[in-house]
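The structure appears below as structure tokens.
The values are calculated or read from the model by the stated rules, or taken from the named source; none is laboratory data. The model shown is predicted, which means the values in this text are computed figures rather than measured ones. All Cβ positions, glycine included, derive from the backbone under ideal geometry; neighbour counts span all protein chains shown. Surface areas here come from the heavy atoms of the whole protein model, side chains and all, with no ligands, DNA or RNA. Shrake-Rupley method; radii C 1.70, N 1.55, O 1.52, S 1.80 Å.
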Amino acid sequence: MIRRAKKEIARSLTEATGRTEQEIISSLETPKTYEHGHLAFPVFMLAKERRCPPPQLAQELAAQLAGKNPIVAKVEAAGGFLNFTLKPEALQGFLFTALRNTEVKPGHNRDLDGKTVIVDFSSPNVAKPMHIGHFRATVIGQSIRNLAEAQGARVIGVNHIGDWGTQFGKLAWAYQNWGTEYDFSKEPIDSLIKLYVRFHDEAEKNPDLERLGAEAFLKLEQGDAEIEKIWKFIVEASFQEYDKVYSLLGTHHDLVLGESFYNDKMDDVVERLKAKQLLQQSEGAQVVFFPETEKMPPCLIRKSDGASIYATRDLAAAIYRHEVQKADQILYVVGVDQTLHFKQIFRVLEMMGYEWSKDCHHVVFGQYRFKDGKMSTRKGKVILAEDVIYQAIDMVRQMIEEKNPSLENKETVAKQVAAGAVVFNDLINDRVKNVDFDLDRAVSMEGDSGPYVQYTNVRCKSILRKYGKDVPSDFQRVLDTPEEQRLIFTLMQFEHVIQTAYRQFKPNVLAQYLLELCTQFSHFYHKNRILGEAADVEASRICLVQATSQILTEGLRLLNIPSPEVM
Ligand code: ARG
């Protein structure tokens, strides 16, 4: 794709600039406006070295290079830039050669070959519902996981569920004593919450309960078989509900390693901190203080009662991920409210002398803002992940009934389109910003929505079906109408787009691109007849339709959005 084009241009620039091919490749950019050509080379650095005004140098170079490179249609100076316009046949050559290679998925590269990336995402808290914050963590995390894979990394997506802490002692005790009074078959988390609330109500009247709960937790920590069985039941029951969301969203974790997994790895963390003389007493607890200039509250390692906490488990997890799972990069997809927590964790790791802490990143995201009354909040104030999806499914079902009532597999399609709607609606936003949530807009087929991208792909697939023959792997014609050219050029950006999206951990870069691709496809489609043209024109345009569909499908897949065949 564009990488190949850059290589060719760079080759012809080495002599004139005295730069290496690699240096040139990394400074080649896409011009700000399409009319300025396909690739731009900034001459500012070179001009500085040669003590020559950039526009003058650009002009000299343009004159020197004119007609030299057989793939270049024209090279022009524009301010401090050299702008290259490639010949249409070269452009399409790069695209179709890349897409014909069936060994690599479109747009994938080997940047992270041999590297291991761990993406910690979703990570709900057991016995609590999956709220909308976890929905974001799930959706953004899954897409970043997929994008890492597209860079050639070995990726481990981990669900770091909150399955440890004194509350599980209380819950286990409550379950042991009152469990039979509740129904755990349908909405188990509901019953778990009721149990927990009851425990607290009763504890107000009978202070003994606190002690009993703490005892139960101690037993759990020591591996008491009966309590552990109850705890496992609680975890599994919670997963019944998480899995509903995961299956609707197509979420896939490679591993579920919750906080409990690090229970026996905490002493080691404490020992390491002691050995580095980082651990200090403060008000009966053990903490790590940061240098005063950093103005950061101390990181709590062990509470006064000896219990370990969230931070300690995260330290243990980071060390495990690096030392045992051999992670080269660890990404934490977690909301903005945990910014301080991760700052502390990464800083403690750094103070422990772990250089690799610089490869730990908090991939932070903002919050959803709901217009009053728009979303039903079934259980009090929290907005649940599953409710958002179910509501979207209802709306899409209705749309299908209105627009395409004879559609086959309506229910499957409704689920695919609804998932596409809510996921795209999230990922189209720069993750660090808050999102004004508007379900009407999310499911609308007209706007900048997931369903619109899915629909563009459905249209491509329908053209391919109507064509009815095998798509030719080669054709003799040059695709040179302005719309064909622009579409090809847009398709060629795909690889660069997913690379950028991953480097910035920003799936919105890809989502925005897919919208642009749909726009360019639609211009092409309206101005260039495909079926029924002369055989050669038809065949070449069919190839372009297929290329568009391939890249839309892969782009959506990287966002974890399905591509229905019809809708
Ligand atoms: N369970 C936590 C929460 O819901 C998120 C965990 C994120 N991952 C981590 N390694 N701390 O707030």
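Before moving on, here are some points about what is shown:
- With the charge dipole of the chain set up from +1 on Lys and Arg Cβ and -1 on Asp and Glu Cβ about the Cα centre, the Cα lying farthest toward the positive end among the listed residues MET1, VAL509, ASN125 is that of MET1.
- For region 147-224, the relative contact order is 42 percent, taking Cα pairs closer than 8 Å that sit 6 or more residues apart in sequence and dividing their mean separation by the residue count.
- Degrees, to the nearest 10: 385-403 long Cα axis against longest axis of the chain: 40 degrees
- For region 1-137, the normalised intensity computed at q = 0.10, 0.17 Å⁻¹ comes to -0.49, -0.92 (log10 of I(q)/I(0), Debye sum over alpha carbons, equal scatterers, no solvent).
- For LEU384, residues with placed amide H under 5 Å, excluding near neighbours: ARG378
- Taking a ≥ b ≥ c as the square roots of the eigenvalues of the Cα gyration tensor, region 195-340 is oblate, since a/c reaches 1.5 or more and a/b is not larger than b/c.
- Rounded to the nearest 500, the helix-only mean residue ellipticity at 222 nm of the chain stands at -17500 deg cm²/dmol, with each DSSP H run of n ≥ 4 adding -39,500 (n - 2.57).
- Within the shell defined by Cβ-Cβ distances under 15 Å, the residues around GLN520 carry a net charge of -1, with Lys and Arg each +1 and Asp and Glu each -1.
- Across q = 0.08, 0.09, 0.11 Å⁻¹, the chain modelled as identical point scatterers on its alpha-carbon atoms has Debye log10 I(q)/I(0) values of -0.68, -0.82, -1.09, in the order of the q list.
- Ligands, DNA and RNA left out, the 1.4 Å accessible surface of the chain is 50% carbon and sulfur atoms.
- On Cα atoms only, tilt of 310-323 relative to the major axis of the chain in degrees: 50 degrees
- J(HN,Hα) series, region 541-548, from Karplus relation 6.51 cos²θ - 1.76 cosθ + 1.60, nearest Hz, glycine and proline x: 5, 4, 4, 5, 5, 5, 4, 4
- Å² per residue, accessible surface of the chain at 1.4 Å: 46 Å²
- Charge sum, other residues only, whose C-beta stays under 15 Å from GLU204's C-beta, Lys/Arg counted +1 and Asp/Glu -1: 0
- Angle of helix 2-17 to the longest C-alpha principal axis of the chain, folded into 0 to 90 degrees and rounded to 10: 60°.
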